[in-house]
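Throughout, read-outs are computed from the coordinates displayed, never taken from laboratory work. All values derive from a computational prediction rather than experimental measurement. In this analysis, Cβ positions are derived from the backbone assuming ideal geometry, glycine residues included, and neighbour counts consider all displayed protein chains.
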2 protein chains.
Amino acid sequence: MAEKQLGSASFALARPVTVLGWGNIVGKKEGEGPLGGLFDQISQDSYFGEQTWEKAESAMQRQAVSAALERSGQPASALTALFGGDLMNQCIATSYAARSLNVPLFGLYGACSTMAESMALAALLIDGGFADFAGAVASSHFCTAERQYRTPLEYGGQRTPNAQWTATACGAVVLAREGSGPYISHVTVGKVVDRAIKDPNNMGAAMAPAAYDTISTHLSDTGRSAGFYDLIVTGDLGKLGSRVLKELFRQDGMELNNHNDCGLMLFDLQRQDVHCGGSGCGCSAAVLTALLLEQVKQGKLHNILFCATGALHSPTALGQGESIPGICHAVAITDTP
Amino acid sequence: MAEKQLGSASFALARPVTVLGWGNIVGKKEGEGPLGGLFDQISQDSYFGEQTWEKAESAMQRQAVSAALERSGQPASALTALFGGDLMNQCIATSYAARSLNVPLFGLYGACSTMAESMALAALLIDGGFADFAGAVASSHFCTAERQYRTPLEYGGQRTPNAQWTATACGAVVLAREGSGPYISHVTVGKVVDRAIKDPNNMGAAMAPAAYDTISTHLSDTGRSAGFYDLIVTGDLGKLGSRVLKELFRQDGMELNNHNDCGLMLFDLQRQDVHCGGSGCGCSAAVLTALLLEQVKQGKLHNILFCATGALHSPTALGQGESIPGICHAVAITDTP
């Protein structure tokens, strides 16, 4: 087995990689949620000053990356590579953002697991000795996702009780070989897990088995107990998916008491009419970069396992009778190197 | 600068990574081309035994990965991770293929640059000390691409003279820390380059500047001359894009005499009515795994630079007046460690 490999799908970095800077930008509704005071930027305009929602999402990526670079004290030219992705067909938010950032790009598609996937690869690039600095970014936009995956907004479609609300949000990080933390110490790569859920309005249930698989694998590979972490945070299972995840662990005789979900943290489910909670690549990216990294930096959290979960279906696949495969990548973040 | 970093966007592996196994599968038209005798499998059925073309493309990925694993002598469980992507919305060929392969997945979106992107990341994972074996796969299917990017096949749309033909093809490799080559020695990561081409029927011209940028960067970063390589092979610029690429180098006072393009190698342009040549992620993946790796293995080629080029647009972006950004990732392959 390779020297930094642990168990079946995890890696222990030889030397923890620092999260040197982070940045985010969200839409109006996200700004009205419980984390409203913590974001770098909240736009009241769903177009973010652009002509279309798709161009708006690219603008969000540029701004989140710029904010992360600014916090890191590094110019864009310091980034050896940017790892990024989004939900749009052909990941155009990312490609058009990277065009103007002028940084070498590794384009990713991991649906809502993208923030963990991008951070994992950026950390591996640095720990492998290939880079001093690398970036990671993920975004989503309610309006681009809704018309692509569901119906035009003008249609005014009724949302089902189990639906989640795609966040208009983007988060970015700058990782570095040197720095004072927070640190990424471990990475667990997810497998595609499919428990035959076919309802695109119930993606929490579709993704929960993937989260269960990756978290279990991580604990088994690292020899850690769930209690090692102050917080095991998924993104974004929502209310129903979180319940399924806990039930899956309960069947193993384990109570997952230190779990929360970015989809439940971004919005106030009582007040904001988002049904089962937030979703979208940008949801976990924004919660991580607005709240969690700050809490680790301030020592309020010592060890967290950031587990971003993606639903890897497409409208075409579902129309052909396919079920929804899920994936979850996990990144362990700590305040001590 | 990190120890394995060269110049602005290239990496020199500490110890060349072996391409241990490779496999491919193509459709009928590709099988009738000049490389017809070299493919592992040629299917006369555009559905590859499945119910839909999308499911067919997933089946192609499973079969190409299986063929690569078989040639490598390793089971799927030996792969620490699979890096893969395709052209379909939400990359469903890859996700559904990875579901049944049951291997940790890093999903990528690099359009037709995917084979080089996936091999680059798999090589970095191994050289970074994270894996002994990793896989890379990329696919395309004429029928899934045509109806997604252009018009339903039943429409019988006329093709313009500069159009390329999306290959129904898939290639996969198994990379390993140990082995007798061919070896990957260097990687150059591409930037997004956009010279304002807006014609989706002329993607060769849209991608040629990205290929020029990455090849120039590679030569500058490594201090190599173009003549170091027996072959600098792009995929897939086609006839027009290849001419543009040579012209761009000519403006630097350099004749790129050792250049060929996978889109020109897969089909016989005189005989097969593919206009400017082949395209699609699977085109370069299939040419690499059917012809080029074998030629390096047999010592007929000593050093090649495999430069897969992608056009990162979407029909939505073009409909909003955007131009077509290109990207090109390069992997240096050699017969001596």
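Annotations
- Per-peptide average of other Cβ atoms within 10 Å, ordering A:139-152, A:166-179 highest first: A:166-179, A:139-152
- For residue B:101, neighbours were defined as the other residues whose beta-carbon sits under 12 Å from its Cβ, and their charges (Lys and Arg +1, Asp and Glu -1) total +3.
- For residues of A:316-327, the mean tally of beta carbons on other chains within 10 Å: 5
- When only Cα pairs below 8 angstrom with a gap of at least 6 residues are kept, the stretch A:206-265 shows a relative contact order of 43 percent.
- Per principal axis, descending, Cα span of the protein assembly as shown in whole Å: 66, 52, 46
- Between the stretch B:41-62 and the stretch A:1-72, the alpha-carbon center distance in angstrom: 38 Å
- Net lengthening on full extension, residue B:320/residue B:247 (0.36 nm per residue, minus Cα-Cα): 23.2 nm
- Magnitude of the charge dipole for the protein assembly as shown, about its Cα centre and with charges confined to Cβ atoms of Lys, Arg (+1) and Asp, Glu (-1), is about 0 debye.
- The protein assembly as shown - share of DSSP beta bridges that are antiparallel (%, nearest 5): 65 percent
- Rounded Å value of the spacing that divides the Cα centres of the stretch B:272-304 and the stretch A:242-301: 46 Å
- For residue A:300, inter-copy label distances in nm, listed shortest first [label point 7 Å out on the Cα-Cβ vector]: 6.4
- Short-range pairs are left out: with C-alpha atoms under 8 Å and at least six residues apart, the relative contact order of chain B is 25 percent.
- Here the calculated FRET efficiency for residue A:154 and residue B:336, from their Cβ-Cβ distance with R0 = 51 Å, stands at 0.25, rounded to the nearest 0.05.
- Under the membrane-span-like helix rule (DSSP H runs whose alpha carbons stretch at least 18 Å along the helix axis, mean Kyte-Doolittle hydropathy 1.0 or higher), chain B yields B:114-127.
- Once divided by 2.2 N^0.38 Å, the Cα radius of gyration of chain A becomes 0.90.
- Between residue B:77 and residue A:15, the C-beta separation translates, for a Förster distance of 30 Å, into a calculated FRET efficiency of about 0.55.
- Other residues whose C-beta falls under 11 angstrom from the C-beta of residue B:110 contribute a net charge of -2, scoring Lys and Arg +1 and Asp and Glu -1.
- In this rough spin-label picture, where each label sits 7 Å from Cα along the Cβ direction, the residue B:41-residue B:228 distance is 3.8 nm.
- A compact globular protein would have a Cα radius of gyration near 2.2 N^0.38 Å; the ratio found for the stretch A:196-328 is 1.06.
- Set of lysines with alpha-carbon distance to residue B:28 below 20 Å, sequence-local pairs under 8 removed: B:55
- Average projection area in nm² (convex hull over Cα atoms of the stretch A:104-147, one quarter of hull surface): 3.5 nm²
- Of all chain B residues, the closest to the B-onto-A rotation axis by Cβ, with that distance in whole Å, is B:128, 1.
- Extension gain, residue A:294 to residue A:32: 0.36 nm times the residue separation minus the Cα-Cα distance gives 92.4 nm.
- Highest average packing first - A:88-100, A:224-236, A:245-257, Cβ atoms within 10 Å: A:88-100, A:224-236, A:245-257
- Across peptide A:132-138, the mean count of Cβ atoms from other chains lying within 10 Å of each residue's own Cβ comes to 1.
- Kirkwood estimate for the stretch A:166-245, i.e. one over the average of 1/r between Cα atoms, Å: 14.8 Å
- Subtracting the Cα-Cα distance of residue A:147 and residue A:271 from their residue separation scaled by 0.36 nm leaves 42.2 nm.
- Ordering A:51, A:337, A:22 by Cα displacement along the dipole of chain A toward the positive end leaves A:337 in first place; charges were set at the Cβ atoms of Lys, Arg (+1) and Asp, Glu (-1).
- Ordering of B:186-195, B:308-317 by burial proxy (mean other Cβ atoms within 10 Å per residue, highest first): B:308-317, B:186-195
- Across the options B:172, B:107, B:193, the greatest Cα extent toward the positive end of the charge dipole of the stretch B:100-213 (unit charges at beta carbon of Lys, Arg, Asp, Glu) belongs to B:193.
- Residue B:211 sits among other residues whose Cβ lies under 15 Å from its own Cβ, and their net charge, with Lys and Arg +1 and Asp and Glu -1, is -1.
- Sequence-separation-based contact order of the stretch A:248-337, relative, with Cα cut under 8 Å and 6+ spacing, percent: 21 percent
- Averaged over the residues of peptide A:234-244, the number of Cβ atoms from other protein chains lying within 10 Å of each residue's Cβ is 0.
- Value of Rg to Rh for the stretch B:1-139 (Rh from inverse mean 1/r over Cα pairs, i.e. Kirkwood): 1.00
- Taking Cα centre as origin and charging only the Cβ of basic (Lys, Arg, +1) and acidic (Asp, Glu, -1) residues, the dipole magnitude of chain B rounds to 100 debye.
- Of all beta bridges that DSSP places with both ends in chain A, some 65 percent have antiparallel geometry.
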